[in-house]
Amino acid sequence: MSDFEKATKVFEALKAAEADPAKVALPILNGLIGLVQGSGEAPLEVEDARSSCFMAICEVGKALHRGQPADQLWAIAKGATERWLSLSK
């Protein structure tokens with residue numbers, strides 16, 4: 001699967017999970033880990049965008065797990081994913 005396909009799936013999953021309660025969204029986020037793990041084979045810019053996406057998704061997951069507000073974190077995660085998506089084309 002290409003980086004573009006992975007980023008597309010991650011973005012779609014983030015949009016879908018954002019409206020879900022934490023106990024539903026957390027397993028979805030955990031399922032994205034395999035898609036956002038890097039192989040080191042992409043150009044540096046793409047790997048940087050992918051790793052930023054990974055970290056942003058982790059921050060959303062931590063906030064949800066702790067019962068903290070995550071609205072801004074969702075926006076950051078989606079923005080990081082959009083950047084990864086745009087660089088993967």
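The values are calculated or read from the model by the stated rules, or taken from the named source; none is laboratory data. All of these numbers come straight from a predicted model, not from anything done at the bench. Please note: Cβ atoms are built from the backbone with ideal geometry, for glycine as well, and neighbour counts cover all protein chains shown. The area values use the complete protein model at the heavy-atom level, side chains included, leaving out ligands, DNA and RNA. Shrake-Rupley method; radii C 1.70, N 1.55, O 1.52, S 1.80 Å.
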**OP:** State yes or no: is Ala70 over 20 Å from Lys89 (Cβ atoms), of a type in the set (Gly, Ala, Ser) and surrounded by fewer than 19 Cβ atoms within 10 Å (Cβ to Cβ)?
**Re:** no
Original post:
Which members of region 34-44 meet the condition of being of a type in the set (A, V, I, L, M, F, W, C) and without any contact (Cβ under 8 Å) to a residue 24 or more places away in the chain?
Top reply: Leu44
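Could you please let me know if Gly38 is part of a loop (DSSP other than H, G, I, E, B), open to solvent by less than 60 Å² (accessible area, probe 1.4 Å) and of a type outside the set (D, E, K, R)? Please lay out each step first, then the result.
Values: part of a loop (DSSP other than H, G, I, E, B): yes; open to solvent by less than 60 Å² (accessible area, probe 1.4 Å): yes; of a type outside the set (D, E, K, R): yes.
Yes: the conditions hold for Gly38.
Could we say that Ala75 is assigned to a helix (DSSP H, G or I) and over 13 Å from the mean Cα position of the chain (by Cα) here?
Values: assigned to a helix (DSSP H, G or I): yes; over 13 Å from the mean Cα position of the chain (by Cα): no.
No, not satisfied.
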Subject >> Total residues in region 9-29, condition open to solvent by less than 70 Å² (accessible area, probe 1.4 Å) and in contact (Cβ under 8 Å) with a residue 24 or more places away in the chain >> reply: 8
Original post:
Say we look at region 41-67 and pick out the residues that are closer than 19 Å to Glu5 by Cβ and part of a loop (DSSP other than H, G, I, E, B); which of these is least open to solvent (accessible area, probe 1.4 Å)?
Top reply: Ala42
Original post:
Residues in region 73-89 that are polar (S, T, N, Q), open to solvent by less than 50 Å² (accessible area, probe 1.4 Å) and under 17 Å from Lys15 (Cβ atoms): how many?
Top reply: 1
Subject >> Condition check for Leu32: closer than 20 Å to Thr8 by Cβ and open to solvent by less than 70 Å² (accessible area, probe 1.4 Å) >> reply: yes
